[in-house]
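Read-outs: derived from the displayed coordinates by stated rules, not from any lab. Quick caveat: nothing in here was measured; it's all calculated off a predicted structure. No Cβ is skipped: glycine too gets one built from the backbone with ideal geometry, and neighbour counts run over all protein chains shown.
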Amino acid sequence: MRADRLVKIMLLLQNHVKMTTRELADALEVSPRTILRDMDALSTSGIPVVAERGKTGGWRFMDHFHNQLSGMTLSDMKSLFILPSEKILADLGIETEGIDLRQKLLASMPGHTRNEARSYLEKIHIDTDTWKPAKEKLEAFQTVQQALWEDRKLNMVYEKADGTRTQRLVSPLGLVAKGGTWYLVAMSDEGDYRSFRISRIRQANMEPYTFVRPKNFSLAAYWKQSKAEFVRTLPAYEVQVLAHSSIISRMTFTDKFVQQVHTEKTTDQNTTEHEWTPVTLCFPNEQEAVSYILGFGDSIKLLHPEHLIETIVQQAKAVITRSSPYLCVKLPSVRMPPSVPRRGRR
């Protein structure tokens, strides 16, 4: 541990030029006395570190001591600074190593380039989490990683979205982080490639034997193709609605796989005060459509399909019944919204 801390002290001093004992202690989460002992150790080992007294004093290297990383431009260094988010590094167990890498890169650069690189690093931050990140349990993640690094087959119990569980024997080929969610890309004994959500792996055990990784397999190329195929095969459930002008901008920012297929402004025949917009929406299934439309309340009017109107009314009745069991509420009869000329897709 001490050797690792001494290296970190050297990196910090080279990056910051001068640091006080307290600043070093805070950065390394040790006591000032420990830093003083470490400085004695560095000096004894021949590292030219000196202490300056006074208000502007601190520890620094002697002017002749430097170490430059030759052969790399500032653009090269910038590309190396763009590391994944802290969450991804933490999931992989290398969060500390990622921070140390940046320190080492900065320490290896000449003074003027180091200042530019540090400024660049302070102005770029990568956050791959969604605004409402799901707290997934990655119980099998360590086992999956080890099997991946050692090219060992993996025997796992996988739970599908519907709750059914199956046992699978796969050859792990790679890990993909998509929006903070981890996926395992693996190959079956038949040579088929599949993607598995890590949080749905309920049990995982490494087999004692290894497998031969496909020579021409590209993880990035496979994932790109897999994403395109997934979107292409999504079920299409189209719905025509009238949306109030106040929610049009909000309808663009939706979760899951809701798509606006067609939008054109018009004015509701029965409303002279507010502007309404015909919108064609596409959902994976009927239940997704019901949940989405109910979420906008009276700011959205359903036009088609007609049977969905009755479904939404029944859902609304159920909500009232559960929320107000002792309150008698008389619901109005279902009235069809004003007809709007159907238009073809653009």
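The gain in end-to-end length when the A27 to Q167 segment is fully stretched comes to 45.7 nm, 0.36 nm per residue minus the alpha carbon separation. A Cβ-based charge dipole, computed about the Cα centre of region 141-232 with Lys and Arg at +1 and Asp and Glu at -1, lands at about 300 debye.
Can you tell me the FRET efficiency between D100 and S226 if r is taken as the Cβ-Cβ distance and R0 is 41 Å, rounded to the nearest 0.05?
0.75
The loop-placed trypsin sites (Lys or Arg not before Pro) in region 134-166, going by DSSP, that have at most 11 neighbouring Cβ atoms within 10 Å of their Cβ come out as K135, K137, K160. By other beta-carbon atoms within 10 Å, ranking W182, W131 with the fewest at the front produces W131, W182. Each part reduced to its alpha carbon centroid, region 149-177 and region 280-310 end up 36 Å apart.
Hey, what does the equivalent ellipsoid look like for region 141-232, semi-axes from the Cα gyration tensor as sqrt of 5 times each eigenvalue, largest first, whole Å?
Working: eigenvalues 72, 60, 30 Å².
Largest first, region 141-232 gives 19, 17, 12 Å.
The listed peptides 218-224, 197-203, ordered by packing as a protection proxy, come out as 197-203, 218-224 (highest mean of other Cβ atoms within 10 Å first).
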